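See below for the structure under consideration.
All of the numbers you see were taken from the coordinates with simple rules; none came from a lab. What you see is a predicted model; the values in this text were computed from it and never measured. Backbone-built Cβ (ideal geometry, glycine too); neighbour counts: all protein chains shown.
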Amino acid sequence: MRVFEIKEEFGIDNLTLTERPRPSVGHGQIVMKVRAVSLNYRDLLVVKGLYNPKLPFPFIPLSDGAGDVIAVGDNVSRVKVGDRVAGIFMQTWLAGELTEAKAKSALGAGKRGMLAEYVVLDEDGVVNIPEHLSYEEAATLPCAAVTAWHAVIETGLKPGESVLALGTGGVSIFALQFAMLAGARVIITSGNDEKLARVKQLGAADGINYRVVSDWDKRVRELTGGTGVDLVVEVGGAGTLPQSLRSVRIGGRISLIGVLTGSTGEVNPLSMVVKKICVQGIFVGSREMFESMNRAVSLHRLRPVVDRIFPFEEAGEALRYMESGRHLGKICIKIA
Ligand SMILES: NC(=O)c1ccc[n+]([C@@H]2O[C@H](COP(=O)([O-])OP(=O)(O)OC[C@H]3O[C@@H](n4cnc5c(N)ncnc54)[C@H](OP(=O)(O)O)[C@@H]3O)[C@@H](O)[C@H]2O)c1
C-alpha cells in the first residue's frame, strides 16, 4: 500500500510517498481502507518538527481519517466489515476524564498516522460516521470538530449566549456551527474581509477584521452592550489571550485551545481573578463526546465546511496550502 512518510528529516519537502506492506488485523482490531483525511494545524507542526522534535523516524503523519472497515479481527463487536468509520483522535480516551496515558494515545504524532491507504486500529478507536456525510466531510470530525464541540457544547453553552471565535480555521468554523446549533450569537474575527463575508453567510452575527481593528476586544465589548461575550473559543494562544480576557464578560468562560500566535507570552492573571473568568484548557475530546456530537450532526444534517480537497499524491501541497492560511474551514485529501 502507499503511505506518506517523514523518513529521516522533518519538513514538508521531506514527506515521501512510499510502499509499505498492507496491515493485517489482530485480536480486537480492524483494518480501515482510508478514503479521506483532513489536515489540522497540529499536522503542520508535526511534519515541520515543531510539535515534538524527538519523534522517532520514520513516521506517517496526520491524525484524522475516515473510510471503510474492510477486515475485523477476533472478538470485534463494535463495528463490522462495510461500516463507514472515522478514527478517534486519542485512541484510548473513550469516556470520563483525560489521563496522561490516554493523552499519549493520540494518532499522527508518531508511527500510526492516517496518511496511508490502509490503517489498523483497535475496534475501540473508531466511531461510525453520520450517514449524510461524504468521507471527506467525515474526515474533518476527529480533531477539529470534537475540539469545538468540547469547547462550546460540553462546557455548557446556553441558548441566547454570545460566543467569540478567533479566525476562520477548522476549529473556529466548527465552533461557529455548534454555537449556532445551541442557539447562541457568534462574533468571529478574521484577518480577511472576504472570509468575514463568508462567515456571515454561514450565520455569524458579526465579523471583525483583526488586522484592521487592532483593539478588537473593544469592538467585541461594544457589540455586546459593553459587557463582553459569555464564551471565547481561544485558538490564538499567547498573542491573543490578553485581548480574549478583555473580550469576555465578568463570570464568563474561555475555552483555551490553540497556539496560532505561539505558546509563550505575558498574561496578567489579575483579570481572571477580578472578572471571575473560568479558563478551561481543551484537548480534543473523548469518544463519548465524538458520539454525542455525531448524534447532533446527524439530527441537524450539519455539513462541515470543506475549503478544498487535494488528491493523495498532493499531500505536500495540501500542507503548504494550510501553511499559507488561505483556507476557511477544513482542508482534505482524498485517498481513492
Ligand atoms: N487543544 C486542542 O485540542 C486543539 C485541537 C485542534 C486545534 N488546536 C489548535 O488550535 C489552533 C487552530 O487549529 P486549526 O486546525 O483550526 O487551524 P487552522 O485551520 O490552520 O486555522 C488557522 C486560522 O486561524 C486564524 N488565525 C491565525 N492567526 C490568528 C490571529 N493572530 N488571530 C486570530 N486568528 C488567527 C487564521 O484565520 P483568518 O485567515 O480568518 O484570519 C487562520 O486561517 C492551532 O493552534 C491548533 O494547534 C488545538
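Checked against (1) free of Cβ contacts under 8 Å to residues at least 24 places away in the same chain; (2) outside any helix (DSSP H, G or I), A101 passes all but a single condition, namely (2). Of the residues examined, N75 is one that is surrounded by fewer than 20 Cβ atoms within 10 Å (Cβ to Cβ) and among the polar types (S, T, N, Q). In the set S263, S214, only one residue is within 12 Å of the ligand (Cβ to nearest atom) and under 19 Å from the mean Cα position of the chain (by Cα); that residue is S263. Annotation note: of L202, L231, L241, L223, the sole residue that is closer than 27 Å to L45 by Cβ, more than 13 Å from the ligand (Cβ to nearest atom) and touching a residue at least 24 places away in the same chain (Cβ under 8 Å) is L231.
The selection criterion, being within 12 Å of the ligand (Cβ to nearest atom), more than 20 Å from V152 (Cα to Cα) and either in a loop (DSSP other than H, G, I, E, B) or not basic (K, R) (or both), does not hold for G316. Among the criteria (1) away from the ligand (no atom under 16 Å from the Cβ); (2) of a type outside the set (D, E, K, R); (3) in contact with a Lys or Arg (Cβ under 9 Å, 6 or more places away or on another chain), the one L302 does not fulfil is (3). The single condition from (1) under 17 Å from the mean Cα position of the chain (by Cα); (2) surrounded by fewer than 24 Cβ atoms within 10 Å (Cβ to Cβ); (3) within 23 Å of D43 (Cβ to Cβ) that A139 fails is (2).
Pairing each residue of the stretch 76-89 that is closer than 9 Å to E123 by Cα and more than 16 Å from the ligand (Cβ to nearest atom) with any residue that is basic (K, R) and not in a strand (DSSP E or B), provided the two are 6+ apart or on different chains, yields no C-beta distance under 6 Å.
Residue-wise test of (1) under 29 Å from P304 (Cα atoms); (2) aliphatic (A, V, I, L, M); (3) without any contact (Cβ under 8 Å) to a residue 40 or more places away in the chain; (4) not in a strand (DSSP E or B).
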| position | (1), (2), (3), (4) |
| --- | --- |
| F4 | yes, no, no, no |
| G26 | no, no, no, yes |
| L45 | yes, yes, yes, yes |
| P53 | no, no, no, yes |
| P61 | yes, no, no, yes |
| G65 | yes, no, no, no |
| L94 | yes, yes, no, yes |
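In the stretch 152-189, the qualifying residues are those that are in a strand (DSSP E or B) and more than 10 Å from the ligand (Cβ to nearest atom), and the one that is surrounded by the most Cβ atoms within 10 Å (Cβ to Cβ) is L164.
Of D43, D74, all but one fail to be acidic (D, E) and under 19 Å from I282 (Cβ atoms); the exception is D43.
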